[in-house]
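Rule-based calculations on the coordinates, nothing more; no lab input. Worth saying up front: this structure is predicted, and the values here are computed from it rather than measured. Don't worry about glycine lacking a Cβ; one is built from the backbone with ideal geometry, like all the others, and counts go over all protein chains shown.
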Amino acid sequence: MIEIGAHVDLSHPSDRVWLALTDRELLGRWFAEADMVEGVPDRLVLHTADLPGFDADVEVEVTERQVPELLALRCDEAGRLTELTCTVTATREGSRLAVREVPTHGAWSDEQRDAREQQLRQALTVRLPAILDWLAFQQVDLRRGEAGLTTELPVIAATGPARRRRRTVVVGLVGVLLAAGAITWLTLPDESNPVTAPTSSPTPTPPQPSVVAAAPTTQPRATASARPSRTATPTSARPTRTPSAKPSPTPTPTGPPPPPPLVARYDTASSRLFGYTGEVVVDNPGPAPVEQWVVVVTLAEGSSVDDVDGADSSRDGQALTFTGAALPAGGSRTIRFDVRDSRPKAREPEGCTVGGNPCAGF
């Protein structure tokens, strides 16, 4: 049985995600416009005929509703019947939305299924988060109460603005300290002046012959005989060292040269408010396959990742590690991943390496 599924982690509470699923106006902003079927409760018509992977508009009937956790729908697309399930689960950062569609009568072609699933993923990971962010800002109470404080945005109050404010304060303090250090450096007397003063004072007094004549006698620099004695001894020893050092590197080139390292390039495939889709292309320029390779992407603090394609992934703190099957000689591998970033205008991660070497594109 061919089915379609996708999920996304959202920095929004379950009730706000549920509102985006069930409100017709919001649903039309991130997925497709919807109209009520006159005289039939719990039934809608989604205008999906022009969307990739859809042949016609879809008539939707609600079969199960558990606010704000489960929404089950029966869908009819020009005779093709499917069951669509939306599950909302609360998480520590917000909530997770999982969508699954299973055909019960009729089927999709492979091409139609791929286009339909791609459309669903784009709606969930790009347009839905943007609408939820917009909705969250609309719900902020900007009126000041008796306590004199503005209501905090209920989603990113702990992860986003507070940390950015602390970073701004730290950067400001560092800037003040650097400015104070620069002023102190400019006002301090030059430490080189006490050393150069004694040498510069005798030079402008040429009329004193006694001082000029006495200078060579008092300075130990006239003992030039000591310098040749020192230089002669190492020169006699150097010929003995050079022959012993030259034979040592000669055996090393006998082995095969090491293969060239893998190279990688990072690019931002798409961006949105509070997130982006990253892409890393790994190339093997060598003549032999590379069995084991590791790409590490450093994310910003408070970020989450969805829908990794092209590699196996694991995460430890801010480090997102990608691994996969052997990379053939001259081959390449493309890795795509969706990032939910706490920074509103984030467009890329903080770093990227392949085999410990930095990726191009930063």
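So which trypsin sites (Lys or Arg not before Pro) in the range 291-355 pass both tests, a DSSP loop state and at most 10 other Cβ atoms within 10 Å of the Cβ?
345
Please report, largest first and rounded to whole Å, the three semi-axes of the ellipsoid equivalent to the range 252-362, where each semi-axis is the square root of five times an eigenvalue of the C-alpha gyration tensor. Numbers along the way, then the final one.
On the way: eigenvalues 170, 32, 28 Å².
After diagonalising the Cα gyration tensor, the semi-axes are 29, 13, 12 Å.
Would you work out which of 337, 326, 313 lies farthest towards the positive end of the dipole of the range 289-352, given +1 charges on the beta-carbon of Lys and Arg and -1 on that of Asp and Glu, about the Cα centre?
Of the listed residues, the answer is 337.
List, largest first, the extents of the alpha carbons of the range 272-321 along their principal axes, each in whole Å.
Principal extents (largest minus smallest coordinate, Cα): 42, 23, 16 Å.
Counting other Cβ atoms within 10 Å, keep those with at most 15, restrict to DSSP loop, and tell me which trypsin sites (Lys or Arg not before Pro) in the range 74-115 are left. Mind dumping the intermediate values first?
Numbers: sites: 74, 80, 92, 96, 100, 113; in loops: 92.
Passing sites in the range 74-115 are 92.
Mind listing which GluC sites (Glu not before Pro) in the range 35-66 are in a DSSP loop and have 14 or fewer other Cβ atoms within 10 Å?
On the way: sites: 38, 59, 61, 64; in loops: 38.
Hits after loop and neighbour filter: 38.
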